[in-house]
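The values are calculated or read from the model by the stated rules, or taken from the named source; none is laboratory data. The structure displayed is predicted, hence computed values, not measured ones. Every residue, glycine as well, gets a Cβ built from its backbone with ideal geometry; the counts of neighbours run over all protein chains shown.
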Amino acid sequence: MPEKILIDTDPGIDDAFAILYALKSPDFDVLGLTTVYGNARIEQTTHNARALVDMGGKPCPVAQGAADPLVIERRAFPAMVHGEDGFGGCSPAQVQAPLSAQSAPDFIIETIRANPGDVTLVPIGPLTNIAAALQQAPEIAGLVKGVSIMGGAANVNGNVTPAAEANIYDDPEAAEIVFAAPWTVTMLGLDATHQVPLTRDNVARLAEEGGANGRFLAAAAEQYFGFHTDVVGLDFCHFHDPSALIAISQPALFTRQQSSVRVVCEGFAAGKTIAKPLPRFSAQPGWDQRAMVEVCTGANGAGVIVHYLEVMTA
Ligand code: BDR
Ligand code: CA
């Protein structure tokens, strides 16, 4: 049976790689996309999510969510990573997929209540909508199957600051709410995604054998490769958002450590995720009375890419 998933997203080039994979893979039944600001402003990320539903050819609802973080002022949009339009200049002018009348948190709550024990949430943007849904209806924590988050950095540096990964940095208070809730979270952060390199050769294969969607992803990825080369100094891209989905469909490709996770909300380390592996002692209280988080500590990067290309070129 395909996994029923709900993707909360800020598309975003790697979000596009993730969502077109989810819509194509036989392992997933995508119940909807909820949108959040992050890689661009909310109107743009919502437009891009609807464009992806058009491209994916498998209709699913799109519900618009937060324009701003819960508490802090919104950070600057990362145009140098994803382009002004979030898709490296490739966002289609027109979209067909309808926009739901519901807000993202309402849609999340209703979908979880309608499918008790069956839905896995896959947040691949800032965690604002997920935290808002929890605040509105705390019982959803006991009704989901799981939560597979792209975000955080446990034992490695961040990517937007030395301390923080982008999705957590964008809304640390929301992330702290999500990591504290009594549900099973998988944290698929930079510890794992920095071990999954997407190369220009991989993308050339997508363009050749992946049909119209492969060509779209290859064109959008130009911006992403440019950022990785010019700013990060790498000749490949980190494959962030698709990895949160592949951790569900191909769990053996990732190593995990049961931990509790807390988020630094203020100061120069804001957005840092601190993970305490379950068996470790802490003299300070507040670490052991928290929900269990499976922190992905590593990945079989080659295996992840082989699997991704297999699905996208089938
Ligand atoms: C995360 O930040 C965004 O730029 C990407 O879409 C991904 O979700 C990686 O840190
Ligand atoms: Ca994203």
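Check off (1) under 24 Å from residue 186 (Cβ atoms); (2) away from ligand 2 (no atom under 16 Å from the Cβ); (3) of a type in the set (S, T, N, Q) for residue 243 and give me the number that stays unchecked.
(2)
Does any residue of region 250-264 turn out to be touching a helix residue (DSSP H, G or I) at 6+ places or on another chain (Cβ under 9 Å) and on the phi > 0 side of the Ramachandran plot?
no
Being within 14 Å of ligand 1 (Cβ to nearest atom) and part of a loop (DSSP other than H, G, I, E, B) is the filter; apply it to region 144-153 and report the residue that is surrounded by the fewest Cβ atoms within 10 Å (Cβ to Cβ). Walk me through how you get there before you give the answer.
Initially, region 144-153 is screened for residues within 14 Å of ligand 1 (Cβ to nearest atom), giving 148-153.
Filter once more, so that each one left must be part of a loop (DSSP other than H, G, I, E, B): 151-153.
On the way: 151: 31, 152: 31, 153: 26.
So, considering only residues that are within 14 Å of ligand 1 (Cβ to nearest atom) and part of a loop (DSSP other than H, G, I, E, B), the one surrounded by the fewest Cβ atoms within 10 Å (Cβ to Cβ) is 153.
Residue-wise test of (1) within 19 Å of residue 195 (Cβ to Cβ); (2) out of contact with any Gly (no Cβ under 9 Å at 6 or more places or on another chain).
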{"position": "275", "(1), (2)": "yes, no"}
{"position": "280", "(1), (2)": "no, yes"}
{"position": "283", "(1), (2)": "no, yes"}
{"position": "288", "(1), (2)": "no, yes"}
{"position": "291", "(1), (2)": "no, yes"}
{"position": "298", "(1), (2)": "yes, yes"}
{"position": "301", "(1), (2)": "yes, yes"}
{"position": "312", "(1), (2)": "no, no"}
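Restricting attention to helices (runs of 4 or more DSSP H) lying wholly within region 168-226, give those where 2 or more residues are in contact (Cβ under 8 Å) with a residue 40 or more places away in the chain and under 24 Å from residue 266 (Cα atoms). Walk me through how you get there before you give the answer.
On the way: elements: 172-180, 190-193, 200-209.
Correct list: 172-180, 190-193.
Are there any pairs with C-beta distances below 7 angstrom linking a residue in region 111-138 that is modelled with pLDDT of 95 or more and among the hydrophobic types (A, V, I, L, M, F, W, C) to a residue that is more than 14 Å from ligand 1 (Cβ to nearest atom) and assigned to a loop (DSSP other than H, G, I, E, B), with the two at least 6 apart or on different chains, and if so which?
112/143; 112/144; 119/144; 119/145; 121/144; 131/70; 132/66; 134/181
All but one of (1) over 17 Å from the mean Cα position of the chain (by Cα); (2) away from ligand 1 (no atom under 12 Å from the Cβ) hold for residue 161, so report the exception by its number.
(2)
Suppose we keep only residues that are away from ligand 2 (no atom under 16 Å from the Cβ) and small (Gly, Ala, Ser) within region 1-56. Which one would you say is farthest from residue 211 (Cα to Cα)?
Here the answer is 32.
Among what's in region 275-302 and is free of Cβ contacts under 8 Å to residues at least 40 places away in the same chain and outside any loop (DSSP other than H, G, I, E, B), pick the residue that is nearest to the chain's Cα centre (by Cα). Give the steps one after another, and end with the answer.
Start the filter on region 275-302 by keeping residues that are free of Cβ contacts under 8 Å to residues at least 40 places away in the same chain, which leaves 276-289, 302.
With outside any loop (DSSP other than H, G, I, E, B) added as a condition, the list becomes 276-277, 302.
On the way: 276: 22, 277: 23, 302: 20 Å.
Within region 275-302, the match that is nearest to the chain's Cα centre (by Cα) is 302.
For region 10-51, which residues satisfy the criterion of being among the acidic types (Asp, Glu) and under 16 Å from the mean Cα position of the chain (by Cα)?
Here is the first cut: in region 10-51, the residues among the acidic types (Asp, Glu) are 10, 14-15, 27, 29, 43.
Passing the criteria: 10, 14, 15.
Does residue 111 satisfy being assigned to a helix (DSSP H, G or I), at negative phi and buried (at least 19 other Cβ atoms within 10 Å of the Cβ)? Even if it seems obvious, please write down each step before you answer.
Details: assigned to a helix (DSSP H, G or I): yes; at negative phi: yes; buried (at least 19 other Cβ atoms within 10 Å of the Cβ): yes.
Spelling it out, residue 111 is indeed assigned to a helix (DSSP H, G or I), at negative phi and buried (at least 19 other Cβ atoms within 10 Å of the Cβ).
Can you tell me how many residues within region 48-82 are in a helix (DSSP H, G or I), more than 16 Å from ligand 1 (Cβ to nearest atom) and out of contact with any Phe, Trp or Tyr (no Cβ under 8 Å at 6 or more places or on another chain)? Outline the logic, then answer.
Within region 48-82, the subset in a helix (DSSP H, G or I) is 48-56, 79-82.
If we keep only those that are more than 16 Å from ligand 1 (Cβ to nearest atom) too, we end up with 50, 53-56.
If we keep only those that are out of contact with any Phe, Trp or Tyr (no Cβ under 8 Å at 6 or more places or on another chain) as well, we get 50, 53-54, 56.
Number satisfying all stated conditions: 4.
If I ask for residues that are closer than 18 Å to residue 96 by Cα, in contact with a Lys or Arg (Cβ under 9 Å, 6 or more places away or on another chain) and crowded, with 19+ Cβ neighbours inside 10 Å, which ones from region 36-83 would you list? Steps first, please.
Filtering region 36-83 for residues closer than 18 Å to residue 96 by Cα gives 42-64.
Add one more test, that the residue is in contact with a Lys or Arg (Cβ under 9 Å, 6 or more places away or on another chain), and what stays is 56-58, 62.
Scanning region 36-83 gives 56, 62.
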